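Trainee: What follows is a single structure, and I will ask about it in a moment.
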Amino acid sequence: LRAYAASGDFTLLHGVTGTHAFRLLAPYASDPRAALDDLWVAVVAAYLGAGAPSVEDWGLEGSDALDWPAIHARAVRCEDEHDIKFAYSCWREWQQRGDELYRRAASARVCAAVRAAALADAMAC
């Protein structure tokens, strides 16, 4: 999450949604330790593939000030399924962990997506 917030990297977005999915599916793994090892290999590969961004400087693009109801309202207006899934995963992980960075990252993502769609619509006219 911190690496995504610092970079906005699309691969790291999948790290956030993937770890959320893993949390839900891990109880059903036949070998939970091996599954966790595989998750970490994938997360580290994604992090390195994204250029190992600093996790200190959160360069969130878009407004990170929305609350969850506003994030949900914007997410349903997003056309890219990644934006919707990211907002959902962040919401569920925020509920599980309480880390406000989940809300801030989801807010920034849906704000940037809605802004980009509005700009594209304006350019089409």
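Trainee: Might you report the magnitude of the Cβ-based charge dipole of segment 55-103 about its Cα centre, with Lys and Arg at +1 and Asp and Glu at -1, to the nearest 20 debye?
Mentor: Rounded to the nearest 20 debye, it is 320 debye.
Trainee: Hey, another quick one. What is the local net charge at ASP31, summed over the other residues whose Cβ is closer than 13 Å to its Cβ (Lys, Arg +1; Asp, Glu -1)?
Mentor: Computed value for this residue: -1.
Trainee: Only Cα pairs under 8 Å and at least 6 apart count here; give the relative contact order of the chain as a rounded whole percent.
Mentor: Relative CO of the chain lands at 31 percent.
Trainee: So for ASP38, ASP99, what's the accessible-area order with a 1.4 Å probe, most first?
Mentor: Solvent-accessible surface, decreasing: ASP38, ASP99.
Trainee: Can you tell me which of 39-47, 81-89 comes out highest on packing, and rank the rest after it, using the mean Cβ neighbours within 10 Å?
Mentor: 81-89, 39-47
Trainee: Please give me the summed charge of the neighbours of SER54: other residues whose Cβ is under 13 Å from its Cβ, Lys and Arg +1, Asp and Glu -1.
Mentor: Residues near SER54 contribute -2 overall.
Trainee: So, one more: Round to a whole number: what % of the accessible area of the chain belongs to carbon and sulfur, probe 1.4 Å?
Mentor: 58 percent
Trainee: Find which of ALA5, TRP40, ALA65 sits farthest along the positive direction of the dipole of the chain, computed with +1 on the beta-carbon of Lys and Arg, -1 on that of Asp and Glu, about the Cα centre.
Mentor: Of the listed residues, the answer is ALA65.
Trainee: Please pull out the direction-averaged projected area of the chain, using the convex hull of its alpha-carbon atoms, in nm² to one decimal place.
Mentor: 8.4 nm²
The values are calculated or read from the model by the stated rules, or taken from the named source; none is laboratory data. Here the structure is a predicted model, which means the values were calculated and not measured. Glycine gets a Cβ as well: all are built from the backbone with ideal geometry, and neighbour counts include every protein chain shown. Ligands, DNA and RNA are stripped out before the accessible areas are found, and what is left, the full protein with its side chains, is counted by its heavy atoms. Shrake-Rupley method; radii C 1.70, N 1.55, O 1.52, S 1.80 Å.
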